[in-house]
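Worksheet: the structure to be examined is printed underneath.
The values are calculated or read from the model by the stated rules, or taken from the named source; none is laboratory data. Just so it is clear, the model here is predicted, and its values are computed rather than measured. Using ideal geometry, Cβ is built from the backbone for each residue, glycine included, and neighbour counts are taken over all protein chains shown. The accessibility values were calculated without ligands, DNA or RNA, using every heavy atom of the protein model including side chains. Shrake-Rupley method; radii C 1.70, N 1.55, O 1.52, S 1.80 Å.
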Amino acid sequence: QSVLTQPPSASGTPGQRVTISCSGSSSNIGSNTVMWYQQLPGTAPKLLIYSNDQRPSGVPDRFSASKSDTSASLAISGLQSEDEADYYCAAWDGSLSAHVFGTGTEVTVL
Amino acid sequence: EVQLLESGGGLVQPGGSLRISCAASGFTFRTYAMSWVRQAPGKGLEWVSAISGSGRTTYYADSVKGRFTVSRDNSENTLYLQVNSLRAEDTAIYYCAKYRGPHWDQYYFDSWGQGALVTVSS
């Protein structure tokens, strides 16, 4: 089961800012770096953010992220219709010696 | 360009076995740790297993420990997942993913395959 907790859904109108939270513990987010993935329907996940707040080349700067203590968050500013997807956080868990994913958040553009 | 191509999925009966493969290209395979991540129909992502570049270090999720075995052939640039004692709850798309980063606690999955569907049913 998922060790990291995310809200099941989030929504906004085009142009709005949406924020997704990811809550963990001292053994994962609290001591290791966080990554975020976007999964469009029927496709493999795509890396959005790594090392807490770093964007790979090609990811729009509308996507940003931060981490504080045992929680992390992803923000999408200037929401666009193509941002409709599922979003997942993930981190290494030192107690489990395993990577753990968040429960996932479905973003809807109204 | 990094390419990861899974194969070997299919329909298997409960208690059965299967070997899923992931053919890698476009990077120096032996220098990167690799992972398997699965997704049950309509569900979220679940990390399954990981293996170091040399193959000497492996990790498993508790849900598959003792039943699944990850391995790699660096001469063939191929990652494997041997899945035994399959259960209905193992039904999922199995993705192979390439790791990047300085150490396990900072690793992230920077490339993914398209996935292989494993269906466990009688």
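Values as computed for the structure displayed
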read-out: Where segment B:42-122 is the region considered: accessible area per residue in Å², 1.4 Å probe; value: 44 Å²
read-out: Ratio Rg/Rh, restricted to chain B and using Cα atoms, in which Rh is the Kirkwood radius; value: 0.95
read-out: Solvent-accessible area, 1.4 Å probe, carbon plus sulfur percent, for chain A; value: 45 percent
read-out: Principal semi-axes in Å for the protein assembly as shown [√(5λ), Cα gyration tensor, largest first]; value: 29, 19, 17
read-out: Measure of compaction for segment A:1-53 (Cα Rg per 2.2 N^0.38 Å); value: 1.30
read-out: Accessible surface, per residue, of chain A when the full set of protein chains is kept, probe 1.4 Å, Å²; value: 44 Å²
read-out: For segment A:72-87, 3J(HN,Hα) per residue [Karplus equation, 6.51 cos²θ - 1.76 cosθ + 1.60, θ = phi - 60°, Hz, x = Gly/Pro]; value: 9, 8, 10, 10, 10, 9, x, 3, 10, 4, 6, 7, 5, 5, 9, 10
read-out: Gaussian network model of chain A, springs between alpha carbon atoms under 10 Å - residue of A:V34, A:V18, A:V59 with greatest fluctuation; value: A:V59
read-out: Set of lysines with alpha-carbon distance to B:K43 below 20 Å, sequence-local pairs under 8 removed; value: A:K46
read-out: Shielding by partners, peptide A:86-92 (average Cβ within 10 angstrom, other chains); value: 4
read-out: Accessible surface of chain B [probe 1.4 Å, protein heavy atoms]: carbon and sulfur percent; value: 44 percent
read-out: Radius of gyration, Dmax [segment A:1-92; alpha carbons; angstrom]; value: 12.6, 37
read-out: Minimum 50 Å² accessible area buried by the other protein chains, segment B:33-48 residues, probe 1.4 Å, relative to alone; value: B:L45, B:W47
read-out: Per-residue mean of C-beta atoms belonging to partner chains within 10 Å, peptide B:109-119; value: 3
read-out: Unit charges on C-beta of K, R, D, E only; dipole of segment B:16-105, Debye; value: 80 debye
read-out: Equivalent ellipsoid semi-axes - Cα gyration tensor, segment B:24-86, angstrom; value: 22, 14, 10
read-out: Interface area, A with B, accessible, probe 1.4 Å, both sides summed, Å² nearest 100; value: 1700 Å²
